[in-house]
Structure formats: structure tokens, C-alpha cells
Amino acid sequence: MLQQKSTDLANAKSKGQEEPRVSVIMPVHNTRQEWLDTAIGSILGQTLSDFELIIIDDGSDEATQCQLSEYKDSRIVHLRLEENMKAAIARNEGLKIARGQYVAFMDSDDISLPERLKKQVEYMESHPGIGLVGTRVGDAEHPRRTERLREGNCSEQIECDLLLVGNVYCTSSVMVRREVLRREGISFTNCFPAEDYKMWLDLLGRTEFGKMDEVLVRYRKKKFLPRREEQEEIACRIQTKSLTQQFKVDEEEARALVSFLHGKEVLEEGERLLTAVKHAIARLEAAGYEKACTERSIQWALRRVFYRTRTWRGQLRLMQLPLAEVMRFGPMWRLWCLMTRGIL
């Protein structure tokens, strides 16, 4: 299945060369030529030069194979999968041979800004307890559009957000300590398109998380992904499984809570929802998470539900739920939601 298209890795091991500081893992499958050139160029042009770029050709067509073969940089390791195995399997093949102290992930159509690797390595070395760090990201097509960083950007808040809100990291902005992944035996699970989210959840309790308040990656929206409803259905299943298996939340309550926080269900029984929220908070408190962090995460998720609610009637139903402790949305916020959704 796997062919090594370059002898760089074997030569490096046989010559006893020093391990690179960073291993960048980039799966490629029939990426548009100009996007692929830009993505690879953005890594080769990094201000930190002590890295290896592991490019995994995930069963691409002949044109992409020829394009990849033109790159002769000594820092590139070429691998090829004969069949398209999807990004999770391709990244895992890269992880098997990665030699860097840190592993950075990169999609083949995104753009890393020149100081991305340098600044992330500096961050990791100044925060030895953090095993995974991401950055803010911008839009590759519209550079002025950038992700806003959440308040309370500590590991505990990020973990609560992962559990109750969803995936808060863009994969192409993530750097992890290789030693953490190998020590815990964690790799990607083939649950497209949420394989990255599943890995972050698997790391809960095994390391700390960070996020840098700086745009170091420009992200290109993936047009080949399933519809948002399908993506959220997969995310809901992963969240529910994590809450039930890792934190012992009752499965029925976890499913109802996650479904509600994704706007898939407005529970008629408000008290039932309140009970699910209280039990989830209690379980997370028992695991060491502060109540304030879990409440902020729930409030963030509720803001998303409000924003997607297109009528005053629907918003009124939400306001009538017995969640006063976390639902602090005034009339101006509700009006803003409706106006920006094009309703008024």
C-alpha cells in the first residue's frame, strides 16, 4: 500500500543526522495545482528552517504525482499511498516516520504564514506543560476575515469548549509534541470529516491545550466536505461519546444536551434540559473543571443556537427555558441575530 518515493528518510537515519525540530505532515489528494504549490511553498519559506516536510500522496492522479516529483528540497520526504485512504490514514502514516520534537499539521490547500513554525516552537518551549497549540486563522480568499479569539483562553476553557461547543481548532494551525502522541498511543481515527476533532478529544486529560492570539495560517474552505448538517451529526456523536465514556455523563442526557447545543432540538421539557446541564456540569466539576468554564462554554454554544434561530417565536421558546444562569441574552442581542440573518 505504501511506497516511499524518496530515500531522504532512510539516508538521514543511516547517516545519523540530527532530528529536525519540527515534522510537518501534509496529506495530498488531487489538490489544485496552484493551491498545492502555494501550500508547499509556504512551508519551505518558513523563517525556521529546521524542519522536515512529510508529503503523503494519498492516491492522487498522475498530474499531481508529477507535480510532487518536481520538488527536490532535501527537507521533503515523499510517501505515496497507492489508494485514496483519506486524510486520517495519510496523517497516521506521516506520524509513523515523523522525527521532529514537534509535529505540525498542514492541509495541502492552506497557507502557513512565514513565522508560523518559529512562533509556535517558541510558544511550546515557553509553555512546557502544553502539548497542543493552535493559532487564530484567516480566510485565504478574504484576508481581512479572521477568527476571533475567545475570552478566557486557558487550557481548561479550551477543553470545556471542545467538549460542549465543538472543534475550536483549524487542523492546519495545530502543533503537537510528538512525545505526547507516542506516550499516549494516540493517532487519527478515520471518521471523516471530524478525525481531527476526535484526536483533540482523545487528548483531554493527557496534556494541556493552548491557542495563540495571532493569525499564522490562512484557511481555505473545503468545498468537498459534507453538508453542515452531516458534519454536525458526526460532531454530535463524537461529543456524546466523549462525555459518556471519558466523563461518565449519562448517555441519554449527554445526547439530549449535545443535540440541543447544536440547535438540532429544542426540548419541550425545559426541566429535563436543566437537569442534563446540571449533571454535565457536576461531572465535569468532578473531573476538575471549574463551573465558570463549563457555563461559559454552554453560553457560547447557546449563542450559536440563538444566531441560527430565525424567528422571534423560536427565540422566545429558547428564552423560556430554565437556564437563567447561563442564558443572559438581552433584546438587543436577539434583534442583532435576526437582522444579521436577513430576517428583518
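Points to keep in mind about this one:
- In a fully extended conformation the segment linking Glu214 and Glu82 would gain 43.7 nm over its present Cα-Cα distance, using 0.36 nm per residue.
- Antiparallel %, DSSP beta bridges [both residues in the chain], to 5: 30
- Taking His142, His279 and counting other C-beta atoms within 10 Å, the order from fewest to most: His142, His279
- Loop GluC sites (Glu not before Pro), the stretch 96-192 (other Cβ atoms within 10 Å of the site Cβ: 10 or fewer; DSSP): Glu141, Glu151
- Cβ-Cβ FRET estimate between Asn190 and Arg32, R0 fixed at 35 Å, reported to 0.05: 0.90
- Between Lys222 and Trp333, the simple spin-label model (points 7 angstrom out along Cα→Cβ) gives 3.1 nm.
- Put a dot 7 Å past the Cα of His279, heading toward its Cβ, do the same for Cys154, and the two dots end up 2.9 nm apart.
- Pairwise centroid distance, computed over Cα atoms, of the stretch 167-230 with the stretch 259-316, Å: 23
- FRET efficiency estimate (nearest 0.05) - Cβ-Cβ, Asp73 to Glu290, R0 41 angstrom: 0.30
- Pairs over the 26 Å Cα-Cα cut-off, from the set Lys211/Lys291; Lys72/Lys96; Lys119/Lys241; Lys222/Lys264; Lys72/Lys211; Lys198/Lys248: Lys119/Lys241; Lys72/Lys211.
- Computed from backbone phi with θ = phi - 60° and the Karplus coefficients 6.51, -1.76 and 1.60, the 3J(HN,Hα) list for the stretch 30-45 is 6, 6, 3, 4, 5, 5, 5, 4, 5, 5, 5, x, 5, 7, 5, x Hz; x is used for glycine and proline.
- Calculated from backbone phi, Karplus (6.51, -1.76, 1.60) coupling profile of the stretch 55-71 in Hz, x at Gly/Pro: 9, 9, 6, 8, x, 6, 6, 5, 4, 5, 4, 5, 4, 5, 5, 6, 7
- Folded to 0 to 90 degrees: helix 228-247 orientation relative to the chain principal axis, Cα: 80
- Stokes-Einstein D for the stretch 228-340, Kirkwood Rh over Cα pairs, 4 °C, 1.567 mPa s (µm²/s): 89
- Degrees between helix 270-286 axis and first principal axis of the chain (Cα, 0 to 90, nearest 10): 50
- Packing-based exposure ordering (other Cβ within 10 Å, fewest first) of Thr47, Thr38: Thr47, Thr38
FYI, it's all coordinate maths here, none of it is from the lab. Note that this is a predicted model, so its numbers are computed, not measured. Positions of Cβ are generated from backbone atoms using ideal geometry, with glycine treated the same way; all protein chains shown enter the neighbour counts.
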